[in-house]
Amino acid sequence: MRARVLFFGMLRDIVGMSREEAEFPEGADLHTVFASYTARFPRFGELARSIVVARNQEFADPATKLAEGDEVAFLPPVSGGCDTGPMEICEAGNYFALTRHPIDVRGVIARLLTGAEGAVVTFEGTVRNHTKGRPTRCLDYECYEPMALKTMAQIGRELVAAHQVERVAMVHRLGRLLIGETSVAVMVTAPHRRAAFEAALEGIDRLKKVVPIWKKEHFVDGEVWVEGEWDEKIPSAG
């Protein structure tokens, strides 16, 4: 069977490519696919407990059977290329997007407003100038774009269902960001402030643990992929 295999973040650096068209035996599962790469790249195996696998843009258990033409992605721990325009999903008044341009927070809020809300809460994550005292020059963000967008929209739908809020927006920037620039914004409108604050906090916390986005931090004396952690409910590849 033939499948497309994708690699992101530090995994791309380990294997030296972003994707590969590969052949696997009939009856192979995702664990078989993973094992084939640990045999070629031992470092893959060392990271097994922190890598998760997706099949056709959905998180999947390693025991999931492979089918002809599947797209398999190996995803390193989230740390919370596309064209120049945003990739976006607009549904039921909610808005989710990935962009390589500065995030227009006020413009996104304007999309959400209906006049019925009593509160608008916005969280903006910005690029700081240091990590543990080590001066930072800039950050590079990349992601598994179709899956990231779908996952953001799913989080938004669940926030609206679980909290007394009206609308939710999430926007994440990709590419190179400089100190002080906004990397991610979560916006929530609601009749009352408490629900809006709670939903915004839950939204950014979940985004950081389940949306496949990675960042590389550049210092004066080197660079490193920032290692975070997956939500404990997502099965690892190993």
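Quick note: the coordinates plus some simple rules give every number you see, no bench work behind them. What you see is a predicted model, and the numbers here were worked out from it, not measured in a lab. Every residue, glycine as well, gets a Cβ built from its backbone with ideal geometry; the counts of neighbours run over all protein chains shown.
What the table shows:
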quantity	calculated
Alpha carbon Rg of the range 95-135, scaled by the compact-globule rule 2.2 N^0.38 Å	1.65
Using alpha carbons only: equivalent-ellipsoid semi-axes of the range 104-194, gyration tensor based, whole Å	28, 16, 12
Trypsin sites (Lys or Arg not before Pro) restricted to DSSP loop in the range 111-144 with at most 13 other C-beta within 10 Å	Arg128, Lys132
Ranked list, fewest to most other Cβ atoms within 10 Å of each Cβ, for Val171, Val121	Val121, Val171
Amide H contacts under 5 Å for Val52, placed H, 5+ residues apart	Leu75, Ala237
FRET E, pair His192, Arg106, Förster distance 22 Å, beta-carbon r, rounded to 0.05	0.50
Fewest-first ranking of Cys138, Cys143, using other Cβ atoms within 10 Å as the exposure measure	Cys138, Cys143
Ranked list, fewest to most other Cβ atoms within 10 Å of each Cβ, for Met1, Met147	Met1, Met147
Counting DSSP beta bridges with both ends in the chain, the antiparallel % (nearest 5)	85 percent
